[in-house]
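**Q** Quick one: structure below, then a few questions.
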Amino acid sequence: MTAELVRGQNHPLSQSRLEIRISAGTPVAAAAALSDENGRIHGTEWVAHPGAPVQPGLEVSRQAAADHRLAVDLDAVTEAVHRVSVLLALPAANGGAGPARFGAVAAPFVAVTGLDGTEVASYTITGLDLESAVVALELYRRQGAWKVRAVGQGYAGGLAELFADQGLSEAAQLAAGIDEAVARGLARSVQAPPPRTSEGDRSRQAAAPAVGPDQGAAPQGAPGPVPPAYGGQPADGQGQGGPQPAYGGATGPHASAGGGPVNYSHPRRQTSAPPPPPPAAPPAQPGQPTRPVAGDATGWSMEERLYNQVWGMFEDLARTAAAYRSAVDFAESRMDKELEQALSDPRSRIGGQGDAAREAARARYTQLVDQARASLDRDVAQLVAESEVVEPALPPAFARWDNPCWHAYRVPMEIPMALRLGDLRLPEAESIRIPMLLRLPLERGLWIDSGRTDSLDGSFTDSHDMRRLAMDTAVAHAARLLAVYPAGEFTVHVVDPAGSGAQALAPLTQTGVLAGPPAQGAAGVTEVLARLTQRVDLVQMALRGGAPDALPPGFDTSQQLLIVNDFPHGFDDRAVNQLRYLVDEGPSVGVHLMMVADREESAGYGPLLDPLWRALLRLTPVPDDHLADPWVGHAWTYEPPAVPHGSEVLREVLTQVAEARRTWNR
C-alpha cells in the first residue's frame, strides 16, 4: 500500500533499485545529490544533473520536462554516502520562459516506485511560494537500512542557494552549469504530441481553426488539440495549444474565480457549422486491423486533419517505442534479480543447479523481449501502412520533394498551417519516418549546423563537404518557405561575405527570387544587417505606439528571412550584436534568421554567442539523433529534406514563385 507522506514524515524502503517519478505543472529541471551523514555535498561529482546525468547509483533526465523518471540504485552508492536528495528547479528562475516561482504553478508531486511501477511512497510538495528550487525528497541510511523522508525545503535563491546550504563550495558554478545544460536541452527539444481521446482511439479530437502566430521562443498549435510545433515553447493556454476555457469568454463585468470572464451562453449552443466528418475507413477483413485512411483525424479542413494525423503518428510511435524500451528494461532487471536469488546460496553454484537457473532466467528474458518486439513490430507495421496512405495525400507544404504534388505546384493564395523541415525516426523502427512539421509563421530562427563530421551511418564527411551540404539544406528550406507563401508575402536576403556559397545559392539567384544579390564582404554584411535592424525598430515603434498602419509609404510588410553563410567571417563586434538583436527581437515582427555555421568556428567570441545558439532550432545536413524528447525520453533522429538527385523540381517551383512575384509587383 502506498504511503502518502507529509512534510517531515519518513517511510522504510524494502528495495534498493527504485524510480523517482516527478510530475509538475510546468517543465522543471530534476537533479539528485549525494551527501554524507551531515548532509554535506563533497563535490560537483556528487550531483547528477542534466549536464552530467549519470553518477554512481543515479541517473536523471537530460532536460527540463513536466514529468521525470529518476533511476536510483542504493546498492551502487559508496559507503560515504548517507543521503540521496531529489532536487527540482524552475528553468525560468534564471532567465528562461515560464513561471519563475513554484507558488505560481501546481504543487509538484513526487513518488518513489519499484522497477515494476509499484508505488512505495508519494509526496505532494505544498506550501511553496517564492522558491525556485526545492529539495523534494531524501533517501537516507539509518542503521544499515534505507528510508525515504518528505522534505519540501524550498530556496528563493535557486539552485545556487540550495547547493551552498548543503556545503558545496562550487555552488554558483554548478548552478550555472545546470542552467546551461537545461537551456541546451530546451533549444533542441521537440514538442509534446496532441492530446488523445483514449489509448486505443486513433481519431483525434476536433481542432479549432488556426488563427495567427501561436509559437514561442524558447523550447512552438491552434486552440484545442492542435499540437504545438517542434522546437517551440510549452503552451500557456493563451491560444497556444494549452488548456482552453470551456465556452469562450463573455465581456460582462462578472469574473470567474480564476480571474477570467464568465460566459452565460448556453454551453451546447453551436454558433458555427461543425467540421465535416473525417473519411470513413473501408471495412476490414475479420481479424484484421482497420485499414488506415488519410485525413482520419478531425478538423475544419483536410490540411488540418492531415496535420493532426501526422502528430497522432508521432505520438503513437513515441509511445510504442517507449513501451518496448520499458519492457526490455524490466526483462533485464527481472533476469538480474532471478540470477541473484538463484545464486545467493553458495551450494547452488556447484553442479548443474546454477547453470539451470541461469538458463531458465535467460529463457524468460528472451521470451519477454520477444513478446515486446512482436508488439512493437505490429504497431510499427500499422504505422507504416498509415504512412503509405498519408504521404501521397499531403499538400506541398507537408510533402517531401519527391512527392508528385510538387509537379502540379501552383503559388498558394493562403499561408499553410505548417511547413515540413524533414523527417524524424527512432532506431527501434527504421521502417517508419514521421514528417517534422513546424508551425507558420516562424517564431524561431533556424541553425543549419555545418560543424558535424560523423554521420550516423558511419561514413565520414569532411569539413568542405559539410559546408556544401549545409548550404544545400539551407537553400532547400528557403525554397520551401518561398513556395508555401502567397506571392509577395515572403522575402529572402542572403549574406555570403566570402562568396563561398555561390554554387549552392544558384537556384535562388538564377531564378530571381531573392530580394537582391547575396551581400558580400564586410560592407555588404553591415548594409543588410543595418537595414533589417532598422525594420525591426520601425515595426516595434509602430506597434508600441498603437499605430501599426503608420509605417512609411512603400514599406515591405512581407515576412523577411535572412540567410547567413560562413559566419563569423566578415562579422565585427557590431555586426554580431546586430545579429543577436535580430534573433531576439526579429521573429515577433516578421524578421527571421537562418544561420549556416559551425559553432566552434565562432568560439573566439566566447560565451557572447551562447544565447544566440540556444535561441535557434538546430538542424543538420546529415542524419543526427540530436532532437530531444522530454516527454518520453527519446532522442529522435532528424533527417534533412533531400531534393532527388538530378531533379529540377526546385528550379521549377522557384521559377513559378519568381513569375508570381513579378506579376504581383506590377
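**Q** In whole Å and largest first, what semi-axes does the C-alpha gyration tensor of region 343-438 yield when each eigenvalue is scaled by 5 and square-rooted? All intermediate terms of the calculation are to be shown ahead of the outcome.
**A** Values: eigenvalues 561, 30, 14 Å².
The three semi-axes for region 343-438 are 53, 12, 8 Å.
**Q** Per residue of region 53-64, what does 6.51 cos²θ - 1.76 cosθ + 1.60 with θ = phi - 60° give for ³J(HN,Hα)? Whole Hz please, x for Gly and Pro, Karplus curve as stated.
**A** 3J(HN,Hα) across region 53-64, in whole Hz: x, 10, 9, x, x, 9, 8, 10, 5, 8, 8, 6.
**Q** Here's a follow-up. Per-residue counts of other Cβ atoms within 10 Å, averaged by peptide: what ranking do you get for 4-15, 393-404, highest first?
**A** 393-404, 4-15
**Q** Right, another one. In whole Hz and in residue order, list the ³J(HN,Hα) couplings for region 611-624 that follow from phi through the Karplus curve 6.51 cos²θ - 1.76 cosθ + 1.60, θ = phi - 60°; x for Gly and Pro.
**A** x, 5, 5, 5, 7, 9, 7, 7, 10, 10, x, 10, x, 7
**Q** In Å and whole numbers, how far do the C-alpha atoms of region 409-529 stretch along each principal axis, longest first?
**A** Principal axes ranked by extent give 48, 39, 25 Å for the Cα atoms.
**Q** Set the Förster radius R0 to 41 Å, insert the Cβ-Cβ distance between Q9 and D584 as r into 1/(1 + (r/R0)^6), and round the FRET efficiency to 0.05.
**A** Once rounded, the FRET efficiency stands at 0.30.
**Q** Could I ask something else about it? So how strong a dipole does region 311-400 carry about its Cα centre when Lys and Arg Cβ are +1 and Asp and Glu Cβ are -1, to the nearest 20 debye?
**A** Values: 12 positive and 16 negative charges, 68 e Å.
Taking the Cα centre of region 311-400 as origin, the dipole is about 320 debye.
**Q** Placing unit charges on C-beta atoms (Lys and Arg positive, Asp and Glu negative, everything else neutral), compute the dipole magnitude of region 578-666 about its Cα centre in debye, rounded to 20.
**A** Values: 8 positive and 13 negative charges, 105 e Å.
For this selection, approximately 500 debye.
**Q** I want to make sure I understand the PRE zone here: with the label point 7 angstrom from the Cα of S169 toward its beta carbon, which residues in region 29-69 have backbone N atoms less than 12 Å away?
**A** Inside the label zone: 42-44.
**Q** Give the long-range amide H neighbours of W401: residues separated by 5 or more places, or on another chain, with amide H under 5 Å away, using H modelled in the peptide plane at 1.01 Å from N.
**A** So W401 has HN proximity to A642.
**Q** A further question on this structure: Output needed for region 512-666: three equivalent-ellipsoid semi-axes, defined as square roots of 5 times the C-alpha gyration tensor eigenvalues, in descending order, whole Å.
**A** Semi-axes (√(5λ), whole Å): 28, 24, 18.
**Q** Shifting gears a bit: Tell me which of F398, A356, Q367 sits at the most positive position along the dipole axis of region 351-399, charges placed on C-beta atoms (Lys, Arg +1; Asp, Glu -1).
**A** My answer, from the dipole projection, is A356.
**Q** Same structure, new question: Quick one: 3J(HN,Hα) in Hz for region 586-591, Karplus 6.51/-1.76/1.60 with θ = phi - 60°, rounded, Gly and Pro as x.
**A** With the stated coefficients, region 586-591 comes to x, x, 5, 10, x, 10 Hz.
**Q** What GluC sites (Glu not before Pro) in region 323-421 are in a loop by DSSP, with at most 10 other Cβ atoms within 10 Å of the Cβ? Mind dumping the intermediate values first?
**A** Numbers: sites: E332, E338, E340, E359, E386, E388, E414; in loops: E414.
Those satisfying the criteria are E414.
**Q** Moving to a separate point now. Between region 116-172 and region 299-358, what is the separation of their alpha carbon centroids in Å?
**A** 30 Å
**Q** Beta carbons within 10 angstrom, averaged per residue: use that to sort the peptides 108-117, 22-31, highest first. Write down the numbers at each step before the final one.
**A** Details: 108-117: 18.3, 22-31: 23.6.
Order by mean packing, descending: 22-31, 108-117.
**Q** Could you work out the mean projected area of the convex hull around the alpha carbons of region 103-194, in square nanometres to one decimal?
**A** Details: hull surface 35.6 nm².
So the Cα hull casts an average projection of 8.9 nm².
**Q** Let me ask another. Are there any trypsin sites (Lys or Arg not before Pro) in region 404-512 that are in a DSSP loop and have at most 13 other Cβ atoms within 10 Å? List them by number.
**A** Hits after loop and neighbour filter: R410.
**Q** Over the Cα atoms of region 592-666, what is the Rg over Rh ratio if Rh follows Kirkwood? Present the calculation step by step, with values, prior to reporting the outcome.
**A** Details: Rg = 18.3 Å, Rh = 16.3 Å.
Computed over Cα atoms, the ratio is 1.12.
**Q** Tell me which residues come under 5 Å, amide H to amide H, from F567 once H is placed; ignore anything under 5 positions away on its chain.
**A** Correct list: V596.
**Q** Please report the equivalent ellipsoid semi-axes of region 1-116, computed as sqrt(5 x eigenvalue) of the Cα gyration tensor, largest first, in whole Å.
**A** Working: eigenvalues 108, 65, 36 Å².
Taking √(5λ) for each Cα gyration eigenvalue gives 23, 18, 13 Å.
**Q** Same structure again: List the residues, sorted by chain then number, that are 5 or more residues from L87 or on another chain and whose placed amide H is less than 5 Å from its amide H.
**A** Here the answer is A31, A32, A33, A136, since their amide H atoms fall under 5 Å of that of L87.
Read-outs throughout are calculated quantities, based only on the coordinates presented, and are distinct from any laboratory measurement. On a predicted model such as this, the values are computed, not experimentally measured, just so you know. Please note: Cβ atoms are built from the backbone with ideal geometry, for glycine as well, and neighbour counts cover all protein chains shown.
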